[in-house]
Amino acid sequence: MSKLGCKLIEDSDSTSIQTHPDIYINKLKEILDQNKIAKGNAAVSIPFSSAIIKVVTIPIMTEEELQEAIDTSTLWENVVQLNDALNDYSIFWQVINRDAKTNEMNLLFVASKLVDVQSYLDIVQQAGLNPVLVDVHCFAVRNALKLCKNIVENDVPTVLIEISREEQYVMIIHKEVPYILDIYVSEKDRNLLVKLAHDKGSANIVIERMAIQIAQIINTFQAKYKISSIKTLLISSTLGAHEQAIEYLVECLPEFEVLLFEVTSDLVVPANLKEKVDAELNQSALISSLGLATRKLDVFGFYQYVTGTSNINLMPNRNSVKNTEKVKFIGKWGLIFFSILFVIVSGSVFFYDQSETEKINLQMQEYNSLTVQLDNLKMELAEINRESSEINNTLAVSKDVRSNQDFLFAVLQSTIKSVPRGVSLKSITYIKGVIQLDGISVSDQNILGLIERLERFPQISQASLINLSIEKEGINEFKSFSVRVTLNTKSKVVATKKGGK
């Protein structure tokens, strides 16, 4: 809960929601505007008096048989007596439990006149909200009860009693099955309840009549279901003088512990809302709102397998609403999913690249180390054997040489000395005064270095790059090249003469 707002509307015939909906529309707009609440989806509760709630027992049926009986309207016509045609009602149903021993199943049946539901939806829509869920007030209170873990005992039925001008009922929840009965209060007595603070004598008589009915309902329930004794009654009341009502109920029902249902007592209220909550003298005014706020729209149909009292929705077009919300949900979470997937993939690629970069760096370090060793070997050419590749290249050149061997050997020596770090020769080919060098290099710069060094020797007239390509070895990339070396013929003559001497 991040924001909270409420407005007081006095209980009277002049503020009836059916006759004066504009009052409620304006109040709702004020709440939204004053609290800067975004105009989004909304959950709505209708009064218990506007709903028909029954738990019906029928022989066990399969899901297919049950759905067929409901689709053909034969089930409700046989087990539920309605005053008007089924088409005039918005109906919700759900299987509460199945008993294989008795071969019976319990169905929760909740219905409300479409015109009654629509009157509440119109108010919410005209205030700028989008209603997606319609609950019944008593079940909204029941949902709020789930927030209070310390007052609910698993093996003992929970009794909730609503006392207000519009709502008077007893709801007993036992093993998720609701047992709800109306408390009869005449119109005259309803008005007396509103005046409880000013006319205690007459109002207390009304409370006494209600207490008698409450005791009868509880005794009937205990006798029928043969359960342990009920000791605690939770009271929810929006009456201005609710404290006086509870005090007199305590006197009229001495065998029970009568408590005000204060839902916020077990909640951790955010600091920004604490002042508003503490300022509310009657915490019962917040119960149904908290119960609705904790509801979740059953978009994918999962809650039908959980419990009936937490899944009620009397929206006339709830299937289309669900489909709309499903599309929004899939779109929203689909975007989040792909965003997360993108981050994961990007992260994986990043860490993979980092790992590969580290491997390449290690390989380059090893390569550089080997290159240093190779240079040392070249410098110690007089003391050690040259590497097999250089010896083979020298021998290959020697096979083609028939004359001027001293000069060509000097050219070969110059060529080998010109090879810089990062360059490895694969072959040396001699054809009529021209030598072609084929090899690989780690970079273009090293090839340019080779050409520059070659041209420093007097035996070489010109060196030029004639071919360059990229060659892969494993995960590494190298530059494959061919260099054309034109020999200095004058130097050749000098070399021959020197050799003659």
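None of the figures in this text is laboratory data; all of them are computed from the coordinates on show. Because the structure is predicted, anything quoted here is derived from the model rather than measured. Cβ: placed from backbone, ideal geometry, glycine included. Neighbour counts: every protein chain shown.
Here are the numbers for the structure shown:
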quantity: Residues Ser418, Ser346, Ser427 arranged by fewest to most Cβ contacts within 10 Å; calculated: Ser346, Ser427, Ser418
quantity: Three-way shape label, the stretch 229-273, alpha-carbon gyration tensor, a/c 1.5; calculated: oblate
quantity: Sites Asn103 and Asp182, calculated FRET efficiency, Cβ-Cβ separation with R0 25 Å, nearest 0.05; calculated: 0.20
quantity: For Met315, Met105, order by how many other beta-carbon atoms lie within 10 Å, fewest first; calculated: Met105, Met315
quantity: Note, ³J(HN,Hα) from phi for the stretch 62-69, Karplus 6.51, -1.76, 1.60, rounded to Hz, x at Gly and Pro; calculated: 6, 4, 5, 5, 5, 5, 5, 5
quantity: Fewest-first ranking of Ser482, Ser2, using other Cβ atoms within 10 Å as the exposure measure; calculated: Ser2, Ser482
quantity: Calculated from backbone phi, Karplus (6.51, -1.76, 1.60) coupling profile of the stretch 156-163 in Hz, x at Gly/Pro; calculated: 10, x, 9, 10, 10, 10, 9, 10
